[in-house]
Each structure stands twice: as structure tokens, then as C-alpha cells.
1. For a footprinting-style exposure proxy, rank Ile127, Ile29 by other Cβ within 10 Å, fewest first.
2. Give me the one-decimal nm value for the distance between modelled label points at Thr186 and Ala169, 7 Å along each residue's Cα-to-Cβ direction.
3. Rank the residues His113, His76, His61 as a footprinting-exposure proxy: fewest other Cβ atoms within 10 Å of their Cβ go first.
4. Using the Cβ atoms and a cut-off under 15 Å, what net charge is assigned to the surroundings of Lys136, where Lys and Arg are +1 and Asp and Glu are -1?
5. Where does each of Arg111, Arg100, Arg176 land when they are ranked from fewest to most other beta-carbon atoms within 10 angstrom?
6. Quick one: what do you get for region 10-78 if you divide its Cα Rg by 2.2 N^0.38 Å?
7. Along each of its three principal axes, how wide is the spread of alpha-carbon positions in region 1-155, in whole angstrom units, largest first?
8. Multiplying the sequence separation of Ser72 and Asp60 by 0.36 nm and subtracting their Cα-Cα distance, what value in nm do you get?
Amino acid sequence: MRRQDLEQYVGATVDDLIGPGLRLLFVGINPGLWTAATGAHFAHPGNRFYPALAGAGITDHRIDAADGYKPSDRDHLIERGVGITNLVTRATAKADALDRQELREGAERLRRHIEQWQPKVVAVVGITAYRTAFAKPKAKAGRQDDPLGSAGLWVLGNPSGLNAHETAASLAAAYRQPAVEAGIVTPLN
């Protein structure tokens, strides 16, 4: 897709991917324009989310969401007990277009969703956004001491291609940990 084609999606929203038996809820910062255009979370071809899920054993294959979800891929995520939502629903070209108030409102929205959906584990992918949204400026990546509602809470690296600190392999190792806690994958010996 060309940049000028994507600009029409600024401010668009993307439906949450939630199904029965939700065990592990991944929480992005907000939809990017490619995601808004396709309706599939983490859809940009440079995003490492789906390679990380496959590398962690959360999915049994690498999902290619660049053109939207195939029904079988969407079903696979739901059958595995994996859901996806965002802190902020509004699509932007970059997450830094969001302000502190939007992120804080997103945290409150997420708390309500967790109460409704009852996942076993929540994994927020984006440490800086988490710190702002939840007013935890010193939070570190990994499992958090305080749960989010009834769910265990993890804060993990952002899979965006713009995050130079992570690779698909490092993300897979980190994403596997909450998946073990959620009962989606078994611990490595």
C-alpha cells in the first residue's frame, strides 16, 4: 500500500479479536494505518508480532495478516485462546501521535474489558505506553507484581519494525512466558 492510500485511515478503528475461552490477551498501543486498512491487528509486513507468536509456539504457523486475516488464521488464534486489543482504538501513523490522556483513558477501557472478558493473562506490548497509561513510570518489562483485575499482567516489547531493540527471536522468547502462564504452551525444560 502506498503512504497516500493509508492516510485515509487516520482515526479509523479496528475490531478487537476476542473469542470464547480467552486465555491470553495481547494489548497493542493503537492500530497503525496498515492495520486499520486491513482490519487485522499487527498487519504491517515489517511487524514481528506473528513471527514472534509462531516462534514462541503460541501459533502452529506464521500468520500473514498483511492483507487482512484469513478466516482460518482468525479461527486459529481464537481456538488457541489468544485475543488482541489496543490501549487506544484510534489509528495513527505512529504511536507517538497519542497523548497522555488518550493512553490513560485506554487503560481504564482495558480494565473494563478485562472485567468483561476474564482472560487469565494480559500482555501489554509497549513498555513506554504502559508506563504512561498506567502511571507506572518505573515499570520494567516482564511480569508485573500487580495483576490487572483478575488477570496476570506482563509488559513486553513492542513488535513494531520501528522498535530496533527487539528481534522476532527476542520477542518470541518474551511472549512465550505469558503464554506458559496462560496454559497455551508448555514450559521449556
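Readers should treat all values here as calculations from the given coordinates under stated rules, not as data from a laboratory. Here the structure is a predicted model, which means the values were calculated and not measured. We place every Cβ from the backbone using ideal geometry, glycine too, and count neighbours over all the protein chains shown.
1. On the way: Ile127 19, Ile29 25.
Going from sparsest to densest Cβ surroundings: Ile127, Ile29.
2. Going by the 7 Å Cα→Cβ label model, 2.5 nm.
3. His61, His76, His113
4. Numbers: positive: Arg100, Arg104, Arg111, Arg131, Lys138, Lys140, Arg143; negative: Glu108, Asp145, Asp146.
Neighbourhood net charge equals +4.
5. Numbers: Arg111 14, Arg100 10, Arg176 21.
Arranged by neighbour count, lowest to highest, Arg111, Arg100, Arg176 become Arg100, Arg111, Arg176.
6. Values: Rg = 11.6 Å, N = 69, 2.2 N^0.38 = 11.0 Å.
So region 10-78 has a normalised radius of gyration of 1.05.
7. Dimensions of region 1-155 along the principal axes of its Cα atoms: 41, 35, 26 Å.
8. Gain in length upon complete extension: 3.1 nm.
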